[in-house]
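K.L.:
Can you read through this structure? Questions will come right after.
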Amino acid sequence: MNTEEKSENKDNDALIIRKYMQYLKLEKALAGNTQEAYMQDLEKLLNFLKAENIDFRKCTYENLQQFSAELHDIGIHARSQARIISGIHSFYRFLVLNNYIETDPSELLETPKIGLHLPEVLTVEEIDRIIETVDMDKAEGQRNRAILETLYSCGLRVSELCNLKMSDLYFTEGFVKVEGKGSKQRIVPISQRAIKEIRYWLIDRQAWRVKPGYEDYVFLARWGKGISRIMIFHLIKELADKAGITKKISPHTFRHSFATHLLEGGANLRAIQAMLGHESITTTEIYTHIDRDRLRQEIIEHHPRNIKFRNEKNRRHQETEEV
């Protein structure tokens, strides 16, 4: 193969990769972070094939098996191996669909078995302890309280929290609108406690200098732009340490605790799945059976924050009647 042919093949390969990126974004509707992860995993395979002098369009099942074995040999965790192989399946399905190849060499490629991993769950008391460690003398104190209450009361992903807009808040109706994975929107009920903390924060927010383009974001960093996922991770780790929590936790721990506490309180499992925005065929079917009012009722009846609020309200009512 002469230099000109090599250059042409290289250009064709780059074009296919660009089209695959568009496929992930437009047809698969994957979120930006997921797209990036798929492309990084694909790069691992392409580098392996290049070292073996194998064209990815002529790759065989045996080649992919060898690549999978190398992932294991170099100590890649089984969960990461599974993610990489999932990306390989996606890439070769794309090549078949677009007639770049005739058969899918990854069709029989198996993912490694992943043991059941149960993430940490915080008790209501532990969550309260973490929130109570927030330093309210700092300018960002009320913001941090609102962040933690929103994570726990709504079960949001950290990326959903970072991108929450003021135009997505429907406090009168008791909902927030959330944009989840694949830019799919859902309505999530919000507790009165979280509404109160956010409203206090929005008062403080008026004194903050907001950078252009971030006027509609609920939560801001000190320099006036949107908060980052890393910032939320660091915040929770710092507060958990101060509260004496030894469990290994992250923002996702609040989301998992949200679901666990609802389930323990008797909430319908399908309603919880819908509120979390899980993407699966089962979840899609759930959306057709559970309406907005029922979702809100599940939160009102079973979330610890609302149970406590309701009990306090009843107690005050009884005290008034006695007087």
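The values are calculated or read from the model by the stated rules, or taken from the named source; none is laboratory data. In this text, all values refer to a predicted model and were calculated from it rather than measured experimentally. A quick note on method: Cβ atoms are made from the backbone with ideal geometry, for glycine too, and the neighbour counts reach across all protein chains shown.
K.L.:
Starting from the stretch 206-219, take each residue that is closer than 16 Å to C162 by Cβ and modelled with pLDDT of 95 or more and list its partners that are aromatic (F, W, Y) and in a loop (DSSP other than H, G, I, E, B), counting only C-beta distances under 7 angstrom and pairs at least six apart or across chains.
P.N.:
Once the first residue is closer than 16 Å to C162 by Cβ and modelled with pLDDT of 95 or more and sits in the stretch 206-219, no partner that is aromatic (F, W, Y) and in a loop (DSSP other than H, G, I, E, B) comes close enough.
K.L.:
Does W201 satisfy being outside any loop (DSSP other than H, G, I, E, B) and either over 19 Å from R255 (Cα atoms) or not assigned by TED's automatic domain parsing to the domain that holds S257 (or both)? I'd like the intermediate steps shown before the answer.
P.N.:
Details: outside any loop (DSSP other than H, G, I, E, B): yes; either over 19 Å from R255 (Cα atoms) or not assigned by TED's automatic domain parsing to the domain that holds S257 (or both): yes.
For W201, the condition - outside any loop (DSSP other than H, G, I, E, B) and either over 19 Å from R255 (Cα atoms) or not assigned by TED's automatic domain parsing to the domain that holds S257 (or both) - is met.
K.L.:
Moving on. In contact (Cβ under 8 Å) with a residue 60 or more places away in the chain and either over 21 Å from P112 (Cα atoms) or not in a helix (DSSP H, G or I) (or both): which single residue out of I76, I54, I16 fits that description? Spell out how you get there, then give the answer.
P.N.:
Details: I76 fails: in contact (Cβ under 8 Å) with a residue 60 or more places away in the chain; I54 fails: in contact (Cβ under 8 Å) with a residue 60 or more places away in the chain.
Residue meeting the stated conditions: I16.
K.L.:
Still on this structure, please answer the following. Looking at the stretch 79-89, can you tell me whether even one residue there is modelled with pLDDT under 90, part of a loop (DSSP other than H, G, I, E, B) and not aliphatic (A, V, I, L, M)?
P.N.:
no
K.L.:
Of all residues in the stretch 146-196, which are surrounded by fewer than 20 Cβ atoms within 10 Å (Cβ to Cβ) and of a type in the set (S, T, N, Q)?
P.N.:
S159, N163, S167, T172, S183, Q185, Q192, listed by residue number.
K.L.:
Taking A69 as the residue in question, decide whether it is small (G, A, S) and more than 25 Å from the chain's Cα centre (by Cα). I'd like the intermediate steps shown before the answer.
P.N.:
Working: small (G, A, S): yes; more than 25 Å from the chain's Cα centre (by Cα): yes.
So A69 fits the description; yes.
K.L.:
Would it be correct to say that E70 is outside the structural domain of K184 (by TED's automatic domain parsing), within 15 Å of T111 (Cα to Cα) and either of a type outside the set (A, V, I, L, M, F, W, C) or crowded, with 16+ Cβ neighbours inside 10 Å (or both)? Let's see the steps before the verdict.
P.N.:
Values: outside the structural domain of K184 (by TED's automatic domain parsing): yes; within 15 Å of T111 (Cα to Cα): yes; either of a type outside the set (A, V, I, L, M, F, W, C) or crowded, with 16+ Cβ neighbours inside 10 Å (or both): yes.
The answer is yes for E70.
K.L.:
Please go through (1) surrounded by 15 or more Cβ atoms within 10 Å (Cβ to Cβ); (2) without any contact (Cβ under 8 Å) to a residue 60 or more places away in the chain; (3) of a type outside the set (K, R) for H256 and return the number of the only condition it doesn't satisfy.
P.N.:
Only one criterion in (1) surrounded by 15 or more Cβ atoms within 10 Å (Cβ to Cβ); (2) without any contact (Cβ under 8 Å) to a residue 60 or more places away in the chain; (3) of a type outside the set (K, R) is unmet by H256, namely (2).
K.L.:
I've got another one for you. Please specify each residue of the stretch 235-249 satisfying the condition of being surrounded by 11 or more Cβ atoms within 10 Å (Cβ to Cβ) and free of Cβ contacts under 8 Å to residues at least 60 places away in the same chain.
P.N.:
First, pick out the residues of the stretch 235-249 that are surrounded by 11 or more Cβ atoms within 10 Å (Cβ to Cβ): 235-243, 245, 247, 249.
Selection gives K237, E238, D241.
K.L.:
What helices (runs of 4 or more DSSP H) completely inside the stretch 225-323 contain at least 1 residues that are among the hydroxyl-bearing types (S, T, Y) and modelled with pLDDT of 65 or more?
P.N.:
Numbers: elements: 229-242, 251-264, 269-276, 281-289, 292-302, 304-322.
Those helices (runs of 4 or more DSSP H) span 251-264.
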